[in-house]
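Here is the structure we will look at, set down as structure tokens.
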Amino acid sequence: MLAGTTTAALESRILCCNKLLSPLCTTSSNNTIRKSNTSYRSSSSSCNFTTTSTFNKSSQFSKSYLNKQQQQQQQQQQQQYIKENVHGRRFFRPSTPSFEKRDLYEVLGVPRTATKQEIKQAFYGLAKKYHPDTNRDDPDAHKRFAEISNAYDVLFDENKRATYDRAGHQGATAENAEGGGFPGGFRPGNGQEFDLEDLFGDLGDLFGGGQGFGGKSRSSNGADIQVNLHIDFMEAVNGCEKEIQFYGNSSCNTCDGSGAKPGTKPQTCKSCGGTGTTIKSNGLFQMASTCKQCKGSGKIIKDHCGTCKGKGTTYGQRTISIKVPQGINNGVNIKLTGQGEPGTGRGSRRGNLFVNVTISEHELFRRQGNDVHVDVPLTISQAILGATVVVPTLTGEVDLKVPAGTQPGEKRVLKGKGIRAVNSPEYGNQFVHFIISIPKNISSKQEELIKEFEQEDKNNCGPLDSLTHPVLSFWNKSMKRWRDYISKNFKN
């Protein structure tokens, strides 16, 4: 009976130990443990433990053997995982914290009616404030940070939040049982992931050398370049190809950007094995930081190029050809990806070149969106009698018939005679605005004819101030109402 009880107790302890194994342990590790358990149960069933002392010694030996095997396999797999998946990032895998049963809304300092955006902002602020790396002298910083992370994990997920609101901590604990770990970035239990570099990037100087969180360089990518390009109106309408010149860094022609003397090649950094990062372990935390020997490039240059002094780039005038699309608007920035400053370090990218386009005005056409406007002058006789006039368009001239009695400011629309939209087959319209041209100097004959016209107008239409005048009746009626208002309200 004693032997049976002892075997069951030992099996219970071994199963409990299995449950505490890290998630990084693979199937092979679990198979090893199961084999150890089976072997141990087999040997235990054949043994007759007669004293408590013998039982304790066997238990300690078994636990020590299992723990040693588990620790060795777990450390090997963690190191392999970091080497393959982590490049310049810090990550942590804390054990499950023992939280005080504080209200999760209180932990984040938000009301129960808080939106997801408010919850996220509160978490970001508290995470930056209480992260262990920024509070190295505070022994409770890790516990506080884990508490904040747990609160965010529950409240940011709508399903978990609803469960917590109904059942409190017990419901939230059940939901979190499905949560994941923290590889690479911070991954709450709901499976969401966001980069710790984004969260702690603005704390760069706290982690040494002006670098970001975990030693990753945040300035390795090349800088963007901004230049200006001036084109005329018709070049913008039809599109064109231009050459622009500016000063900046470009890949060294002598060494093809390697930084090494011609005939030699950069050597793989022995300190980091060419990865550009070194890994340090400190108990609960593992940190991947930029290699100090190669500064994250993964390469060591022994003989530097004489032209670029090992930088791989040279500064000078650059000339680039650019295609300006048809129909481009004034003030638009054209982005040329990868034409900016070269990056530095392993895996870096070149910056972009932004070309700001300015367009000169045209002496005839005015642009509004994809429509164009043009003013066409008419003489008095053309406006009164009607005429056919020549109108300029973006593609040539057209004859336009002007109806008799055309008034100043009237306009006509020429469909599809505007500007073609960028990357579209659609064209805008052209608007023709008529302007009546009044001569300042006329001949005596013209003056005589105009006076005759005036007299004829009076005979046919009555006095100019008549309320029934066919042309001026609306104006005369409005003026009468205005005079009545003035005489009534301003008698003096």
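The values are calculated or read from the model by the stated rules, or taken from the named source; none is laboratory data. Being a predicted model, the structure only gives us computed values, none of them experimental. No Cβ is skipped: glycine too gets one built from the backbone with ideal geometry, and neighbour counts run over all protein chains shown.
For the reader, a short list of remarks on this structure follows.
- Single residue of 61, 156 found to be of a type in the set (A, V, I, L, M, F, W, C), over 27 Å from residue 291 (Cβ atoms), modelled with pLDDT under 65 and surrounded by fewer than 20 Cβ atoms within 10 Å (Cβ to Cβ): 61
- Lone qualifier among 377, 342, 408 - being part of a strand (DSSP E or B) and at pLDDT below 95: 377
- Every pair of residues 6+ apart whose Cβ atoms lie under 7 Å, when the first sits in region 105-127 and is acidic (Asp, Glu) while the second is at pLDDT 90 or above: 118/110
- In summary, strands (runs of 3 or more DSSP E) completely within region 218-321 and bearing 1 or more residues that are of a type in the set (Lys, Arg) and modelled with pLDDT of 90 or more occur at 240-251.
- Complete set of residues in region 389-405 that are out of contact with any Phe, Trp or Tyr (no Cβ under 8 Å at 6 or more places or on another chain) and either of a type in the set (A, V, I, L, M, F, W, C) or assigned to a loop (DSSP other than H, G, I, E, B) (or both): 389, 390, 391, 395, 398, 400, 403, 404, 405
- Tally of residues being in a loop (DSSP other than H, G, I, E, B) and surrounded by 12 or more Cβ atoms within 10 Å (Cβ to Cβ) across region 466-487: 4
- Exactly one residue among 256, 303 is closer than 18 Å to residue 350 by Cα, surrounded by fewer than 18 Cβ atoms within 10 Å (Cβ to Cβ) and not aliphatic (A, V, I, L, M), and that residue is 256.
- Of all residues in region 411-445 being assigned to a loop (DSSP other than H, G, I, E, B) and among the hydrophobic types (A, V, I, L, M, F, W, C), the one that is surrounded by the fewest Cβ atoms within 10 Å (Cβ to Cβ): 438
- Check on residue 368, of a type in the set (S, T, N, Q) and modelled with pLDDT of 85 or more: yes
- Scanning region 406-427 for residues that are of a type outside the set (D, E, K, R) and either more than 17 Å from residue 396 (Cβ to Cβ) or touching a helix residue (DSSP H, G or I) at 6+ places or on another chain (Cβ under 7 Å) (or both) returns 406, 407, 408, 409, 413, 419, 421, 422, 423, 424, 425.
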